[in-house]
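*Asks:* Submitted below is the structure of interest, expressed as structure tokens.
The values are calculated or read from the model by the stated rules, or taken from the named source; none is laboratory data. Quick caveat: nothing in here was measured; it's all calculated off a predicted structure. Neighbour counts are summed over all protein chains in view; Cβ atoms, including those assigned to glycine, are modelled from backbone coordinates with ideal geometry.
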Amino acid sequence: MADDRGRQIESAEVAKRMAVLRPHLHDAVPLVDAAGQAGVPIRTARRWLARYRADGPAGLARPPRPGTGGRTFPKALVELIEGMALMKPPPSIATIHRRLAGLAGERGWRTPSYGSVRDIVRRIDPAMLTLAHEGAAVFRDRYELVHRHRADRPNATWQADHTQLDILTLDAGGKPVRPWLTTVLDDHSRVIAGYMVFLGAPSALNTSLALRQAIWRKVEPAWPVCGIPDVLHVDHGSNFTSLHLEQAAADLRIRLIYSAVARPQGRGKIERLFRTINTELLPELPGNLHAGKPVSSPRLSLPTLDAAIGAYIVSTYNARRHRGIGMAPVDAWRGKGWLPRMPESLAELDALLVMVAKPRTVHRDGIRFEGLRYFDPTLAAYVGEPVTIRYDPRDMGEVRVFHRNAFLCRAVSADHAGHSITLKDVQAARIAHRRQLRNEIRARKAQVEDHLPSILLPARAGPVREPVLEAASVAAPAPVRSKPRLRTYIEGE
């Protein structure tokens, strides 16, 4: 519609100019008189006449306006402006214009205005500017094509990654700390197969525990996800490139695929999952961080946060409709019914993934570890023998005992046989015990200071005063003059 209106205006302009020239062309009226009757300057009328004789009525149309800064300046000048704009660090428009002022005069170019320089810089391809100023990584993330792949079936491809959560929890000593989260995501259904919440830097153990939960059957009926994946997609973190994970993947017949270094495009799905948890679940919990600062004081322990994330995964994230696939992730994983590939037993899976191995010696009362005592009748024949124990940090109720790399037995802590405890619980108990002992020490020291004479405690009591003696009973001793160390002589002797 705008083009039609423009053509109409152009036709009216041609007709108006033709009306000025017609008396001169058809009636031989002098051009000066024809222009004067129409109120047009004679120079303008002569220019119109020259264009008409050269191109006919089409020559009377207004010539197209050249692109700003493109055709009005030499190509070399335009390329020079573009080259200066692509320098790193990028100079300002004022800097480019100031440098060109002297250079244009030396080369005989018309000096461009500030606005012309700005328009030339604005016409540069934004992708080119990004690549020149911010580097290949930023250019790749903004402008390179991304192939959005989806696995053709459940358990064909899993993704595993870590993130530091935007929340503060209380550690075993009551100090606020920022926890980490490891998740395992099924690429086809977007269902969360397993997760692990922990403190400290990511490690191969945390990855193994998340995979253990993802692979084995869950207790919750609403979380049926299990099985061994065909492919596990991970990044190049040291915990993912460890020999332990490679050996476990080989034994479980899982093909490990590592994403390209510093290229997160292949992990976009799990990155969006982390963003959803940080922006949807954590703001409802105490200790949430906004712009690096806590919105409220932290009150949650790590097990409490673990339970909150687990409940959110099972009841909300896995159960609600996912916009990317158009259905709930758990329903997409179930499909029309199928049998996942499973390990033969949980013990076999633990032997591959739960690789926290500690050397110990069997004592007459069992095996001592982390302040607990583990016992099994099988250990009676191995008193004094060195063994290796393997344990799950999330359940310290029992340990698996190996003798000469062969499984021996499961030793149980008799004090906690009825319920499971975690390694964090053991550390918290040790800290609480030390705190209690320190309080008792301070209390008993206070009793000693209250009952003993103050002279025995000069550090806490005031200065001890010497008794004042009467001058008549005891004579003051004569002052002793110290002899000078240097011998003096009288001059002239």
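*Asks:* Only one of 6, 108 is assigned by TED's automatic domain parsing to the domain that holds residue 129, of a type in the set (Gly, Ala, Ser), modelled with pLDDT under 80 and under 60 Å from the mean Cα position of the chain (by Cα); which?
*Replies:* Only one candidate qualifies: 108.
Every residue, every condition in (1) under 16 Å from the mean Cα position of the chain (by Cα); (2) at pLDDT below 90, yes or no:
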site	(1), (2)
216	no, no
236	yes, yes
248	no, yes
258	no, yes
266	yes, yes
272	yes, yes
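*Asks:* Also: Quick one: in the stretch 343-355, which of the residues that are surrounded by 14 or more Cβ atoms within 10 Å (Cβ to Cβ) and outside any helix (DSSP H, G or I) is modelled with the highest pLDDT?
*Replies:* 343
Each row is one residue, and each column tells you yes or no for (1) out of contact with any Asp or Glu (no Cβ under 6 Å at 6 or more places or on another chain); (2) assigned by TED's automatic domain parsing to the domain that holds residue 86; (3) at pLDDT 85 or above.
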position: 121; (1), (2), (3): yes, yes, yes
position: 125; (1), (2), (3): yes, yes, yes
position: 128; (1), (2), (3): yes, yes, yes
position: 138; (1), (2), (3): yes, yes, no
position: 152; (1), (2), (3): yes, no, yes
position: 164; (1), (2), (3): yes, no, yes
position: 173; (1), (2), (3): yes, no, no
position: 183; (1), (2), (3): yes, no, yes
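*Asks:* Given the condition acidic (Asp, Glu) and crowded, with 16+ Cβ neighbours inside 10 Å, answer yes or no: does some residue in the stretch 375-382 qualify?
*Replies:* Yes, there is a match, as at least one residue in the stretch 375-382 is acidic (Asp, Glu) and crowded, with 16+ Cβ neighbours inside 10 Å.
*Asks:* Would you tally the residues in the stretch 395-409 being loosely packed, with under 14 Cβ neighbours inside 10 Å, part of a strand (DSSP E or B) and charged (D, E, K, R)?
*Replies:* Result for the stretch 395-409: 0.
*Asks:* Now a separate question. Do we have residue 364 as out of contact with any Pro (no Cβ under 6 Å at 6 or more places or on another chain) and surrounded by fewer than 18 Cβ atoms within 10 Å (Cβ to Cβ) here?
*Replies:* Criteria met by residue 364.
*Asks:* While we're here: List every residue pair whose Cβ atoms sit under 9 Å apart, with the two residues 6 or more apart in sequence or on different chains, where the first one lies in the stretch 258-276 and is assigned by TED's automatic domain parsing to the domain that holds residue 194 and the second, anywhere, is modelled with pLDDT under 55 and surrounded by 13 or more Cβ atoms within 10 Å (Cβ to Cβ).
*Replies:* 259/265; 259/266; 260/266; 271/264
*Asks:* Has the stretch 135-154 got any residue that is surrounded by fewer than 23 Cβ atoms within 10 Å (Cβ to Cβ), hydroxyl-bearing (Ser, Thr, Tyr) and part of a strand (DSSP E or B)?
*Replies:* Looking for residues that are surrounded by fewer than 23 Cβ atoms within 10 Å (Cβ to Cβ), hydroxyl-bearing (Ser, Thr, Tyr) and part of a strand (DSSP E or B), one finds none in the stretch 135-154, hence no.
*Asks:* If you don't mind, there's one more thing I want to ask. Answer yes or no: is there a residue in the stretch 64-79 that is modelled with pLDDT of 80 or more, exposed (fewer than 11 other Cβ atoms within 10 Å of the Cβ) and either over 29 Å from residue 101 (Cβ atoms) or of a type outside the set (Phe, Trp, Tyr) (or both).
*Replies:* Checked against the condition, which is being modelled with pLDDT of 80 or more, exposed (fewer than 11 other Cβ atoms within 10 Å of the Cβ) and either over 29 Å from residue 101 (Cβ atoms) or of a type outside the set (Phe, Trp, Tyr) (or both), the stretch 64-79 yields at least one hit.
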